[in-house]
Every structure is written in C-alpha cells, then in structure tokens.
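To start, the structure itself, in structure tokens.
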Amino acid sequence: MLKTFSITDIGKKRKLNQDYVFSSEEKIGNLSNVFIVADGMGGHNAGDYASRFTVETIVSEIENSFEHNSVKILEHAIKVANTKLREKAAEDTSLYGMGTTVVVATFIGRFLQVANVGDSRLYVINDKITQITRDHSLVEEMVRMGGIDRETARCSLDKNIITRAIGALDTVDVDFFEVELKVGDMVLMCSDGLTNMLEDQEIHQIVDGQRDIVEKAQKLVECANNNGGKDNIAVILIDPFADNTSTTGGIND
C-alpha cells in the first residue's frame with residue numbers, strides 16, 4: 001500500500017505560490033494512482049493559473065481516457081493540457097506567456113511510470129539518491145554537451161531558464177521514464193524551489209534522518225526556507241511499499 005504526503009510552501013521571497021501539487025492514492029480512470037507537481041511561470045496570476053489549470057486538465061483527461069497503456073494515457077493528457085493552456089493564454093492578454101513545468105507519476109505494481117516536462121524533478125531515494133527525470137533547462141543542456149561542469153551549472157545565473165514547458169509552444173515533447181522499485185525505496189517529486197536551495201546529498205540526509213513521511217516532507221521545506229527560500233517549494237513524498245517497511249512511522253492511511 002502506498003503511503004504519501006504532499007506539501008507546498010510560498011517560500012521566503014515570493015508573494016504568490018505558483019506551485020501546485022495533486023496526489024491521489026485512489027484509482028483515476030485506468031490508472032491506479034496519480035501524483036503531479038507543477039511549477040508555474042508568468043506575471044501576475046498567470047503562473048498560478050497555469051500550474052493549477054494544467055494539473056486539473058491532466059487529471060480530467062486521465063479520468064475520461066479509455067486507453068489502458070499508461071504512457072499513452074499520460075502523453076495524451078499532457079498534450080491536451082498544453083493545447084488548452086495555449087488557448088486560454090490566447091483568450092486573455094493577462095495570461096499571455098504563461099507556462100508551467102509538470103512531472104507526473106503513477107505506480108503500477110512495483111514499477112513507476114514517470115512523465116516530465118521542464119525542470120521539476122522525481123528522485124528515488126534509498127541508500128543513495130538518484131534523479132530519475134532529466135531537467136529541460138539551458139544549463140542542463142550545456143552540461144550534457146560538455147560546456148560546463150555540474151557544480152558550475154548549479155551556481156549559474158541561467159539555471160532557471162527552461163527549454164521545455166507546458167504552454168510554451170503549440171506542441172510539447174514529453175520525456176518518459178520507467179523505474180523498477182524495491183522495498184525501502186522512497187520517491188520524491190519536487191519543484192526547483194527545493195532543489196535550488198538544497199544539494200541532492202542534503203535532500204538524502206534529510207529524508208534519511210526523519211522518523212516518518214510527514215516529518216521528512218516538512219523538514220525538506222523547512223531546510224529549503226532556512227537556506228534562503230528564494231522560490232515556492234513543492235514536495236510529494238511516496239513510500240510505495242509502506243506495508244513492507246517498519247521505518248515509516250505512525251501515519252495512518
């Protein structure tokens with residue numbers, strides 16, 4: 001049985017929370033569960049609108065899909081959300097230029113299916129921390145091309161420039177990842193408000209050092225804020241095999 005906890009926080013510097021999370025351990029359409037993190041961008045209320053609208057559209061499309069293949073379900077839902085968000089932006093000048101990242105996950109037995117657009121991330125954490133998604137960002141592409149190293153990328157002023165987003169173009173390319181999980185694995189989904197404030201190893205230490213899943217998530221947000229809290233923070237933590245572990249604490253499903 002899945003055990004989950006999700007949280008968003010406005011951070012220390014922003015006046016509006018443009019992050020949006022969705023978490024359902026229950027069946028939606030033909031998917032047994034659905035988890036989504038979206039990090040909106042755009043002036044005024046546009047980023048807030050973009051993230052919420054995108055997540056709601058994806059959930060609705062999943063719910064109404066007759067498809068049974070999880071990749072096809074997620075890809076169609078995300079692409080419909082992209083099209084509808086573009087239509088909304090065209091109808092209202094105050095929403096022009098809005099967009100959002102999105103990372104979506106669904107558990108199918110011991111396998112995790114992930115869809116990603118942008119630089120919000122999904123990690124698997126056990127005795128180490130592994131980033132599963134690949135950032136669609138300018139500095140990440142520079143790292144892949146050998147132009148800069150990973151440490152330079154982390155400190156780059158361009159690290160928040162993303163190369164792919166929902167709402168940016170008429171069409172959107174979605175990356176997919178499949179991971180086989182084992183007992184003891186913890187899944188973390190988050191916005192860059194967390195990962196820009198905490199190194200991966202710090203995230204690993206925090207998750208490893210807290211008693212239960214709620215404390216782990218809350219401590220991540222607390223530490224990100226203590227390190228500056230320069231952006232909104234979104235966190236979803238998931239223990240896929242809660243019934244098989246004895247270290248997840250006393251949170252009742």
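The values are calculated or read from the model by the stated rules, or taken from the named source; none is laboratory data. Given the structure is predicted, the values throughout are model-derived calculations rather than measurements. Virtual Cβ from ideal backbone geometry, glycine too; neighbours counted across all protein chains shown.
Okay, here's what the table says:
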read-out: Pairs where the first residue, in segment 14-27, is more than 15 Å from ALA38 (Cβ to Cβ) and part of a loop (DSSP other than H, G, I, E, B) and the second is modelled with pLDDT of 95 or more and among the small types (Gly, Ala, Ser), C-beta under 9 Å, 6+ apart; value: ARG14/GLY193; ARG14/GLY229; GLU25/SER32; GLU26/SER32
read-out: Segment 104-140 - residue that is among the hydroxyl-bearing types (Ser, Thr, Tyr) and in a strand (DSSP E or B) and, of those, surrounded by the fewest Cβ atoms within 10 Å (Cβ to Cβ); value: THR130
read-out: Every pair of residues 6+ apart whose Cβ atoms lie under 7 Å, when the first sits in segment 225-237 and is crowded, with 20+ Cβ neighbours inside 10 Å while the second is of a type in the set (Phe, Trp, Tyr); value: ILE236/PHE35; LEU237/PHE5
read-out: Conditions (1) farther than 17 Å from ASN232 by Cα; (2) in contact with a strand residue (DSSP E or B) (Cβ under 7 Å, 6 or more places away or on another chain); (3) buried (at least 20 other Cβ atoms within 10 Å of the Cβ); (4) small (Gly, Ala, Ser): number failed by GLY42; value: (1)
read-out: Residues (among the β-branched types (Val, Ile, Thr), in contact with a helix residue (DSSP H, G or I) (Cβ under 6 Å, 6 or more places away or on another chain) and surrounded by fewer than 20 Cβ atoms within 10 Å (Cβ to Cβ)) located in segment 65-103; value: VAL80
read-out: Complete set of residues in segment 1-13 that are in a loop (DSSP other than H, G, I, E, B) and surrounded by 18 or more Cβ atoms within 10 Å (Cβ to Cβ); value: LEU2, GLY11
read-out: Qualifying position, being free of Cβ contacts under 8 Å to residues at least 40 places away in the same chain and farther than 21 Å from GLN18 by Cβ, among THR106, THR130; value: THR130
